[in-house]
Each structure stands twice: as structure tokens, then as C-alpha cells.
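To keep things clear, I will list the structure first and then write my remarks on it.
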Amino acid sequence: SIKITIYRVAKDSRITNALLRAAENGKHVSVLFEVKARFDEENNLREALRLQKAGCFVIYGVNSLKTHTKLMLIVRKDEDDKVYRYVHLSSGNYNEVTSRLYVDVGLLTTKEVYAQDVSEFFNVITGHSQPFAYRNLITSPRDMRIQLCNLVKKEAENAKQGLPSGIVIKFNSLQDKELIDELYAASEAGVKIKLIVRGMCCLRPGRKGLSENIEVRSIVGEYLEHSRIYYFHNAGEPKLYIGSADAMVRSFDRRIESLFMLEDDFLKKQAINNLHYNLKDNVN
């Protein structure tokens, strides 16, 4: 079986064609299609109808929420007769045209901890169950704002206790007042905060008595910076989250969004390296 969320697809999409082939070959295919993706509404409706006609189970969004998360779950029996769950979690759309223009990050894994979270997520959005506590997934509109605010508060507490602290976040937009207030409070507590914000930023950095420890930069390079990486120092045990969500009211309250925590030390280092080079940039 294949379950996937789709926000934007290309015209004559290779993803859609692959899903069609899977359905025609007797695989169970479920697609959560967002039909209100700006500028791609007509294209998405056309591709969704193609899938529906081929026998795919298509869900056109959830109530009044926009589905912006990028998740895929494939359940497959391999040659050894064992059943594996392959999971893909990403900041980028399943769109081969924008993939040439956007900078994105994603994780492809068979780790059961991710598979369980994503499987439960699909059960929730298809109405088969009530959500339980995810292990590595933070989702909205359920609890993303409060969890991110708590992670910022933890850094502020560490700084007050004289423990090492720090926050580095890379995202498209920063607009949510509650999170901004927590970042100001963390700055006043002595936390060094570096933000890489591609677009809208409602936080004022470097203000005396408010945000002296906050630095904000925007990178405008050859490719559209689309990845979201949230780094919290956590007293030397870094917590890193990656996903599709910006820090906006609409992302926290009016969208189905997700961020996932990195567990593997090597992958954490890769994500930190990504942030490091963004902060070293003195050209773009």
C-alpha cells in the first residue's frame, strides 16, 4: 500500500503516473490531495480526478484546514517475506519541476519509530482513529505552537541556570506572536539566537533590552530556500526538527503541518552543517 500527502504536483506529474501504475497493479493507494494550493488549484484537481478514476482513495483536504505537510508511507513485503514500512518526511513538494528550483530537506527511512508516527498520522486524517502522542512528530493544528514555545522556554531556563544554550532556525516566515514573544524572552535570558528567514519576519533583532541576542538574516541565492530546520542546543544534547512548517499563525492554526525530530547523530551533524554554511554565507 501507498499513502501520500500532495500539496503541489507538476503538470503531467511523474508522481501521479507512478501512483496510477501502482493502483492499476493492485496496490492500495490513498492520496490526501490539497486542492487549494495557490496557483495550482486546477492542476491539482485534474490530477486528483485521474487518480480517483484509477481506483485510488482520494481525500480532498480535511474540513477547513489546508494540507501543507509532506509525508509518504509505503508498506511492502520484500523478498525475505518480511513486511517493511518505508517512510518519507520532507520540507519539499512531490513536484519534479520545483525540485530543480527549491532547496529542500527530507528523510527516507524504515525506522519503526517514524513509521509508527506517520502511520498513526494517516489514520487520524482519514478518520480511522483519534491522535495519540507522537514520538518524533510535531503536528498542527494540534500542538505545534506550544511544543515549539516549550523548546524555546527550555533554552531560556538553561541560560538562566548557567548551562550552555542556543537556538538556530531556518524557515520561510516568522509571524506568530506567541513564538516571537518567547524568542524575545529567551534573548533577554541570554540565549544566543540566529534566525535565517527567507521572507516575512515580524521580529525585530538587535533591540536594546528586547532582542540584543537575536540575529536575523535572509539568503537570496540561485535556488529558492525552502527547507525548515529548527535547532535547539539543549545543554549539549541537540534537538533538531525538520519539516514543512513555518512559524506563522496560519501554519499553527489553519494548516495540517508537521515537523519531525532527527534521531541519528550523523543526520543531526548534516543538518547542523547546513545551518553552519547558511550562517557563514557573506554573498547571498
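The values are calculated or read from the model by the stated rules, or taken from the named source; none is laboratory data. In this text, all values refer to a predicted model and were calculated from it rather than measured experimentally. All Cβ positions, even for glycine, are placed from backbone atoms using ideal geometry, and neighbour counts span all protein chains on display. Surface accessibility is based on the protein's heavy atoms, side chains included, excluding ligands, DNA and RNA. Shrake-Rupley method; radii C 1.70, N 1.55, O 1.52, S 1.80 Å.
Whole-Hz Karplus values for segment 136-149 come out as 10, 10, 10, 10, 10, x, 6, 8, 5, 4, 5, 5, 5, 4 Hz, taken residue by residue from phi with 6.51 cos²θ - 1.76 cosθ + 1.60 and θ = phi - 60°; glycine and proline positions read x. Using a Förster radius of 25 Å, what is the FRET efficiency between residue 280 and residue 143 based on their Cβ-Cβ separation? Nearest 0.05, please. Once the sixth-power term is evaluated, E becomes 0.15. When the listed pairs 239/269; 239/268; 70/154; 170/280; 160/280 are checked against a 18 Å cut-off, the alpha-carbon distance exceeds it for 70/154; 160/280. Full extension of the chain between residue 63 and residue 49 gives 3.1 nm of extra length, using 0.36 nm per residue less the Cα-Cα distance.
Please figure out what share of the DSSP beta bridges in the chain is antiparallel and state it in percent, rounded to the nearest 5.
Details: 32 of 56 bridges.
Antiparallel bridges make up about 55 percent of those DSSP assigns within the chain.
Can you work out the FRET efficiency for the pair residue 235 and residue 100, with r the C-beta to C-beta distance and R0 = 51 Å, to the nearest 0.05?
Working: r = 40 Å, r/R0 = 0.79.
Between residue 235 and residue 100 the formula returns 0.80.
Less than 5 angstrom separates the built amide H of residue 255 from those of 66, all sequence-distant by 5 or more or on a different chain. The simple Förster model, with R0 at 41 Å and r as the Cβ-Cβ distance, assigns residue 82 and residue 266 a FRET efficiency of 0.95.
Using heavy atoms of the protein chains and a probe of 1.4 Å, the accessible area assigned to residue 280 is about 120 Å².
Of 68, 88, the order by accessible heavy-atom surface (1.4 Å probe, DNA, RNA and ligands excluded), from most exposed downward, is 88, 68.
Give me the extension gain from residue 133 to residue 41: residue separation times 0.36 nm, minus the current Cα-Cα distance, reported in nm with one decimal. If you can, show how the numbers build up before the last one.
Details: separation 92, 0.36 × 92 = 33.12 nm, distance 3.30 nm.
Between residue 133 and residue 41, full extension yields 29.8 nm more.
Secondary structure note: in segment 15-151, about 75% of the DSSP beta bridges are antiparallel. Distance from the alpha carbon centroid of segment 105-168 to that of segment 193-272 works out to 14 angstrom. Would you mind checking the tilt of helix 41-53 against the longest principal axis of the Cα atoms of the chain, expressed as 0 to 90 degrees and rounded to 10? The helix 41-53 is inclined about 40 degrees to the chain. In the chain, the DSSP-assigned H stretches of four residues or longer account for a calculated mean residue ellipticity at 222 nm of -9500 deg cm²/dmol, using -39500 (n - 2.57) per stretch and the full residue count as denominator.
When nucleic acids and ligands are ignored and a 1.4 Å probe is applied, residue 49 ends up with an accessible area of around 80 Å².
Ordering 176, 80 by how much accessible area each has at a 1.4 Å probe, largest first, what is the list?
On the way: 176 5, 80 85 Å².
I get 80, 176, largest accessible area first.
Rolling a 1.4 Å probe over the protein heavy atoms gives segment 106-237 an accessible area of 48 Å² per residue. Approximating the spin labels as points 7 Å out from Cα along Cα→Cβ, the residue 12-to-residue 75 distance works out to 3.5 nm. For the chain, the longest principal axis of the alpha carbon atoms and the long axis of helix 265-280 meet at an angle near 60°. Using θ = phi - 60° in the Karplus curve 6.51 cos²θ - 1.76 cosθ + 1.60, the 3J(HN,Hα) couplings for segment 192-199 round to 7, 10, 10, 10, 10, 10, 5, x Hz; x is entered for Gly and Pro. Once all protein chains are placed together, residue 223 keeps about 100 Å² accessible to a 1.4 angstrom probe.
Would you list which lysines come within 24 Å of residue 77, measuring only between C-alpha atoms, while excluding same-chain residues fewer than 8 positions from it? Those lysines meeting the cut-off are 3, 27, 111.
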